[in-house]
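The values are calculated or read from the model by the stated rules, or taken from the named source; none is laboratory data. Remember, predicted model here, so these are calculated numbers, not experimental data. Cβ placement follows ideal geometry from the backbone for every residue including glycine, while neighbour counts extend to all protein chains displayed. Remember, those area values only see protein heavy atoms, side chains included, never the ligands or the DNA or RNA. Shrake-Rupley method; radii C 1.70, N 1.55, O 1.52, S 1.80 Å.
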Amino acid sequence: MDNTSAMPQQARLNRLRWRTRRGTRELDALFGGWLDERFATADAAQQQAFDELLDAQDPDLWDWVMGHARPERQDWQAIIDDIRTRHRL
């Protein structure tokens, strides 16, 4: 069991909320929006993938959500695709 699965849910959400605060308002809105709208209904694997996705650097996240590049991990790409679809990017 990893640290995040043992963490109480509200503490985990608070930590993720802090981590979705990125270098730009656009990234804040995109990733904070996914946290607000999708995280609670995502399965444990997708929740963990989102947590790990937030470790990526802002320029990479931006390139991925703008469709200029793709992350190597398919689980990250699924989240990026969801964000892109929801925001019509």
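The portion of the accessible surface of the chain made up by carbon and sulfur, rounded to a whole percent, is 49 (1.4 Å probe; DNA, RNA and ligands excluded). With protein chains left intact and a 1.4 Å probe, residues in the chain average 62 Å² of accessible area per residue. Size descriptor for the chain, Kirkwood hydrodynamic radius: 13.2 Å (Cα pairs only, one decimal). Entry note, the chain: relative contact order of 24 percent, from Cα contacts under 8 Å with a spacing of 6+ residues. In a fully extended conformation the segment linking Glu26 and Thr41 would gain 3.1 nm over its present Cα-Cα distance, using 0.36 nm per residue. Taking the Cα centre of the chain as origin and assigning +1 to Lys and Arg Cβ atoms and -1 to Asp and Glu Cβ atoms, the resulting dipole is close to 320 debye.
Taking K and R as +1 and D and E as -1, what net charge do the other residues with C-beta under 15 Å from the C-beta of Asp63 add up to? With Lys, Arg at +1 and Asp, Glu at -1, the net is -1. The eigenvalues of the Cα gyration tensor, multiplied by 5 and square-rooted, give the range 26-74 an equivalent ellipsoid with semi-axes of 18, 13, 9 Å from largest to smallest.
Among residues other than Glu37 whose Cβ falls under 12 Å from its Cβ, what is the net charge (Lys/Arg +1, Asp/Glu -1)? That sum, taken over residues with Cβ under 12 Å, equals 0. The length gained by stretching the chain between Gln74 and Leu89 to full extension, at 0.36 nm per residue less their Cα-Cα distance, is 3.5 nm.
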